[in-house]
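Undergrad: Encoded as structure tokens, here's the structure I'll be asking about.
All of the numbers you see were taken from the coordinates with simple rules; none came from a lab. What you see is a predicted model, and the numbers here were worked out from it, not measured in a lab. Ideal geometry is used to build each Cβ from the backbone, glycine not excepted, and the neighbour counts take in all protein chains shown.
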Amino acid sequence: MTRTAILIACGLAAGPIIGGLVSGMDRILTARMQSRIGPPVLQPFYDVVKLLFKEPLVVNVWQAFCAYCYIAAASIALVLFFLQSDLLLIFFVQAVGAVFLVVGALSSTSPYSQIGAHRELLQILSYEPLLVLVVVGFYLETGSFKLSDIYAWQHPLLLKLPFLFIVLGYALTIKLRKSPFDLSTCHHAHQELVKGLLTDYSGPFLALTEIGHWFEVVLLLGLCTLFWATSWVGMAVLLVATYFLEVLVDNTTSRMTWRWMLSYVWGVGLTLSLVNLIWLQRG
């Protein structure tokens, strides 16, 4: 019971702390790539605290309810990850939170929120099948969906699941709202979308969505650690390299259309997944 309570507390603390630090490092890396100094690494925390103390204004009560559901689902998914629970259960909970975020945007009559919500649904349709295939790859190699069994595997999974790691990279780019897949909302306001999915969120409720996003970032980075769970050094190197490539792609590619995203992610992602899964079956 004590160990479980500690893991739950670690999961609830890891989202805001690690997620906020990752967001701060993201801003600094982006600034350096653009020949700027950039904000301090703690700037995301300053922004969230400022939002939390602003007057709570929402379009309707349903929007506020969806913001609470989103952060609740994101935090529960990360806690389940720390408890080394079932991967399928974790991604089901995470998907429920993503849907609540979309429903909250759809409850507004703003055209920016409406367009952002529809694009977010398309992005969910793009990355969720890929995440499921990655989980299936873990099962075919280790024989279990349980994180405890996957972490106990004696060999680096990256050697057997290289294409699925690339597929996870596509999903990670979409979930991190990085270019070229920052279609529904992103950290850089687009002229035709303003803030897209989050246009009508403000004050404490916008802070909740940002903290919820941090939980999701930590969850997906945790999924990356499964590919090299045999060594802490290898795990750290893989995480740093993966996130650096995400920031690099964000700063060197232009935003594309949702049609291109669907055709490219499904075409390349599903092909790579099937090739890797067939390779596992025949191996």
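Undergrad: Take the Cα gyration tensor of the range 39-188, multiply each eigenvalue by 5, square-root it, and list the three semi-axes largest first, rounded to whole angstrom.
TA: Values: eigenvalues 200, 62, 53 Å².
After diagonalising the Cα gyration tensor, the semi-axes are 32, 18, 16 Å.
Undergrad: Roughly speaking, what is the stretch gain from VAL240 to ARG3, that is 0.36 nm per residue apart minus the C-alpha to C-alpha distance, in nm to one decimal?
TA: Answer, rounded to one decimal: 82.5 nm.
Undergrad: A follow-up question, please. May I have the count of lysine pairs in the chain with C-alpha atoms under 21 Å apart, counting pairs 8 or more residues apart or located on different chains?
TA: Working: LYS50/LYS195; LYS54/LYS195; LYS146/LYS160; LYS175/LYS195; LYS178/LYS195.
Close lysine pairs under the 21 Å cut-off: 5.
Undergrad: What distance in nm separates the simple spin-label points at THR271 and VAL61, each placed 7 Å from Cα in the Cβ direction?
TA: Reported label-point gap for THR271 and VAL61 is 5.2 nm.
Undergrad: If you project the alpha carbons of the range 126-283 onto their three principal axes, what span does each projection cover, largest first, in Å?
TA: Ordered largest first, the range 126-283 gives principal extents of 50, 33, 25 Å.
Undergrad: Count charges around VAL135 for me, please; just the other residues with Cβ under 14 Å from its Cβ, Lys/Arg as +1, Asp/Glu as -1.
TA: Values: positive: LYS146; negative: ASP86, GLU128, GLU141, ASP149.
That works out to -3.
Undergrad: Counting other beta carbons within 10 Å of each Cβ, put LEU159, LEU87, LEU29 in order, fewest first. Mind dumping the intermediate values first?
TA: Numbers: LEU159 10, LEU87 24, LEU29 18.
Taking fewest neighbouring Cβ atoms as first place, the list is LEU159, LEU29, LEU87.
Undergrad: I've got another one for you. Give me the compactness ratio for the chain, meaning the Cα radius of gyration over 2.2 N^0.38 Å.
TA: Numbers: Rg = 18.5 Å, N = 283, 2.2 N^0.38 = 18.8 Å.
That ratio works out to 0.99.
Undergrad: Looking at the range 27-88, which chymotrypsin sites (Phe, Trp or Tyr not before Pro) are DSSP coil and have at most 10 other C-beta atoms within 10 Å of their C-beta?
TA: Listed in order of number, the matching sites are PHE53.
Undergrad: Mind pulling the angle between the C-alpha long axis of helix 111-142 and the longest principal axis of the chain? Nearest 10 degrees, somewhere in 0 to 90.
TA: So the inclination is approximately 10 degrees.
Undergrad: Hey, another quick one. Compare the peptides 124-133, 266-275 by average per-residue count of other Cβ atoms within 10 angstrom and give them in order, highest first.
TA: Working: 124-133: 19.4, 266-275: 15.5.
The densest-packed peptide leads the list: 124-133, 266-275.
Undergrad: Something else: Rg/Rh for the range 1-117: what does it come to with C-alpha atoms and Rh from Kirkwood? Could you put the intermediate results ahead of the total?
TA: Details: Rg = 17.1 Å, Rh = 16.5 Å.
Rg divided by Rh gives 1.04.
Undergrad: Can you work out ³J(HN,Hα) from phi for every residue in the range 218-226, in order, using Karplus 6.51 cos²θ - 1.76 cosθ + 1.60 and θ = phi - 60°, giving whole Hz and x for Gly and Pro?
TA: Coupling constants for the range 218-226: 5, 4, 5, 5, x, 5, 4, 5, 5 Hz.
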